[in-house]
Amino acid sequence: MGDEQGRLLAQRRRPSRLSQHPERDLAALADEARALCAEAGLAFSALRGVGVSAPGPLDPASGVLLHPPNLPGWREVPVRRLLGDRLGLPVHVENDANAAPLAEWRFGAGRGFQHVVYLTMSTGVGAGLVLGGRLYTGKQGMAGEVGHAPVEWDGEPCACGGRGCLEAYVGGAAWTRRLAGATPAGSRVAVLAGAPERARPEHVVEAAREGDAFALSELGRYNDYLARGITTLVFALAPEIVILGTIPSAAGEALCLAPVRAQVLSRVWPLLGRELRIVASGLGPQLPYLAGLCVAIEAAAASGP
């Protein structure tokens, strides 16, 4: 919960694992929103609206989540209507890959730029686009689904049903599945995880900092595929800045950002790469909260005073 200056007045984090009963989950979220208001010392009637940053695909015009591959059971869910009925407030829904660049553009690493790409690589992979100083969402809000562009024909299976998608190589969920079967028992990654089958990307990053050979190899593979995706985006959109969230932000400059930047700049035309910046998110752990807030801010600005 926050204001138009990006100040967070109250916040609460909960696991992303939802049940397969959307109405029940949304009712719980509505109750938490009221509790947050009380925690912040605000009257609920003082709120102007609610912003929802949700995984796509979704229809922002109707506020309906269509069939997010990472939310089993959430198919054709009318989030705007269900939350609006429960809260009695205007509810605005946006793809989380579109909401994140709004937050970075307004309050983070993208401030001052007109052409911004934000790549999120948490559970899945998506690109949010601010082009010409405005959020660009494309037909039916589907722009930026770069996570499902193939980087290997007939490659690794993806949650979307395709094969060889970028998400199958740099998405957090896909990488975790790979690590469960690929992590050597004697590696530092396995030691940090407690067992090879429990290995996660954060264990790879920590082990890579300690010089573990398997972790460095895995991170090199990750960086290579990430650079492929960014190179395509640079040729297609000619951004001024590419902002990387989640895993690259955690890995940092030496392990991820510098090698990815070097690979991209070696492959794009000098005119496109000369002033291109590839940086970590400027908002860190505050980004998810500010993303939802910015959805509400944008909607309020569009509707006027």
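Going through the stretch 137-192, which chymotrypsin sites (Phe, Trp or Tyr not before Pro) have at most 10 other Cβ atoms within 10 Å and a DSSP loop state?
On the way: sites: TRP153, TYR169, TRP175; in loops: TRP153.
Qualifying residues, ordered by number: TRP153.
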Total charge dipole magnitude, the chain, about the Cα centre, Cβ charges on Lys, Arg, Asp, Glu only, Debye to nearest 20: 140 debye
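Calculate the dipole size of the stretch 96-169 relative to its Cα centre from +1 charges on Lys and Arg beta carbons and -1 charges on Asp and Glu beta carbons; express the result in debye to the nearest 20. Present the calculation step by step, with values, prior to reporting the outcome.
Numbers: 5 positive and 7 negative charges, 92 e Å.
Once rounded to the nearest 20, the dipole reads 440 debye.
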Inter-centroid distance (Cα atoms) of the stretch 274-298 relative to the stretch 57-110, Å: 16 Å
Kindly express, to the nearest 10 degrees and within the range 0 to 90, the angle between helix 258-267's C-alpha long axis and the longest C-alpha principal axis of the chain. 80 degrees
How much accessible surface area, in Å² rounded to 10, belongs to the heavy atoms of ASP154 with a 1.4 Å probe? 130 Å²
Run a plain Debye calculation on the stretch 184-255 (Cα atoms as equal point scatterers, no solvent) and give log10 I(q)/I(0) at q = 0.12, 0.13, 0.22, 0.26 Å⁻¹, rounded to two decimals, same order as the q list. -0.38, -0.43, -0.92, -1.14
Relative contact order (%) - criterion: Cα under 8 Å, at least six apart; region: the chain: 18 percent
Considering only DSSP beta bridges with both partners in the chain, what is the antiparallel share in %, to the nearest 5? 55 percent
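Determine Rg/Rh for the stretch 7-101; Rg is computed over alpha-carbon atoms and Rh is the Kirkwood hydrodynamic estimate from the same atoms. Intermediate results must be reported in sequence, preceding the final value.
On the way: Rg = 13.2 Å, Rh = 13.9 Å.
Taking Rg over the Kirkwood Rh, I get 0.95.
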Please compute P(r) over all alpha-carbon pairs of the chain, binned at 10 Å starting from zero, and give each bin as a whole-number percent. 6, 26, 34, 24, 9, 1, 0
MET142 accessible area, 1.4 Å probe, all protein chains in place, Å² to nearest 10: 80 Å²
Compute a Gaussian network model of the chain, connecting alpha carbons closer than 10 Å, and tell me which residue from LEU135, LEU119, LEU102 fluctuates the most. LEU135
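Residue separation times 0.36 nm, minus the C-alpha to C-alpha distance between ARG14 and LEU216: what's the value? Present the calculation step by step, with values, prior to reporting the outcome.
Details: separation 202, 0.36 × 202 = 72.72 nm, distance 3.14 nm.
Contour length minus the Cα-Cα distance gives 69.6 nm.
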Given the C-alpha atoms of the stretch 115-268, compute the convex hull and give its volume per residue in Å³. 108 Å³
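What relative contact order, as a whole-number percentage, does the stretch 1-151 give when Cα pairs under 8 Å and 6 or more residues apart are counted?
Numbers: 237 pairs, mean separation 25.6, N = 151.
Relative contact order here is 17 percent.
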Sorted list, accessible surface of protein heavy atoms, 1.4 Å probe, largest first, for THR137, THR123 is THR123, THR137
When the charge dipole of the chain is computed with +1 on Lys and Arg Cβ and -1 on Asp and Glu Cβ about the Cα centre, the Cα farthest towards its positive end, among LEU29, SER187, LEU9, belongs to LEU9
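The values are calculated or read from the model by the stated rules, or taken from the named source; none is laboratory data. Given the structure is predicted, the values throughout are model-derived calculations rather than measurements. Every residue, glycine among them, receives a Cβ derived from its backbone with ideal geometry; neighbour counts consider all protein chains shown. All accessible areas refer to the heavy atoms of the entire protein, side chains included, with ligands and DNA or RNA removed. Shrake-Rupley method; radii C 1.70, N 1.55, O 1.52, S 1.80 Å.
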